[in-house]
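Encoded as structure tokens, the structure appears first; notes follow it.
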Amino acid sequence: MYFTGIIIALATFVTIGFWHPIVVKVEYRWGTRPWTVFLLLGLGSIAGALFIPNTILSAVCGVFGASALWGIGELFKQKRRVEKGWFPMNPRRKNDYHDLSTPTADSITQSPEKELQR
């Protein structure tokens, strides 16, 4: 029996589960500024995966890098979730957020279709 696929699948599941709380905590503590760290970590991991001869380790390294790159988008989405009140806001960084509870002139003039696209 070959367990390579199952090991890679489990590693992928654990890696994705690892990145979710990291994105939430990084956004809470530092906001979206560390996105460049995610970029460098992701590109470095993917590049490293190209040179690892072991299939499982190479796949895990590549999945880790792809998850780090995916985390960039999630970091900015997490900021929107905080603005909507779905996650707690860091009181020390309250000036970094837009208040979505009060309508702005821009949101009043937009059509409902554009609001749904956000």
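Read-outs: derived from the displayed coordinates by stated rules, not from any lab. Predicted model, so just to flag it, every value in this text is computed and none were measured. Here the Cβ positions follow ideal geometry from the backbone for every residue, glycine too, while neighbour counts run over all protein chains shown.
Observations on the model:
- Theoretical gain in end-to-end length, Phe76 to Val14 [0.36 nm per residue, Cα-Cα removed]: 20.1 nm
- Peptides ranked, highest mean first, by Cβ atoms within 10 Å: ranges 76-82, 12-18: 76-82, 12-18
- Extended-chain gain in nm, criterion 0.36 nm per residue less alpha-carbon gap, Tyr97 and Leu39: 18.6 nm
- Start at zero, step by 5 Å, and the Cα-Cα distances of the stretch 7-60 spread as 4, 18, 20, 23, 18, 11, 6, 1 percent across the bins.
- Sites Leu57 and Phe87 - FRET efficiency at Förster radius 25 Å, r taken between beta-carbons, to 0.05: 0.15
- Extension gain, Phe3 back to Leu50 (0.36 nm per residue minus Cα-Cα distance, nm): 14.8 nm
- Note on the stretch 1-109: Rg/Rh from Cα positions, Kirkwood definition for Rh, rounded to two decimals, is 1.14.
- Where Rh is the Kirkwood radius over Cα pairs, Rg/Rh for the stretch 49-89: 1.30
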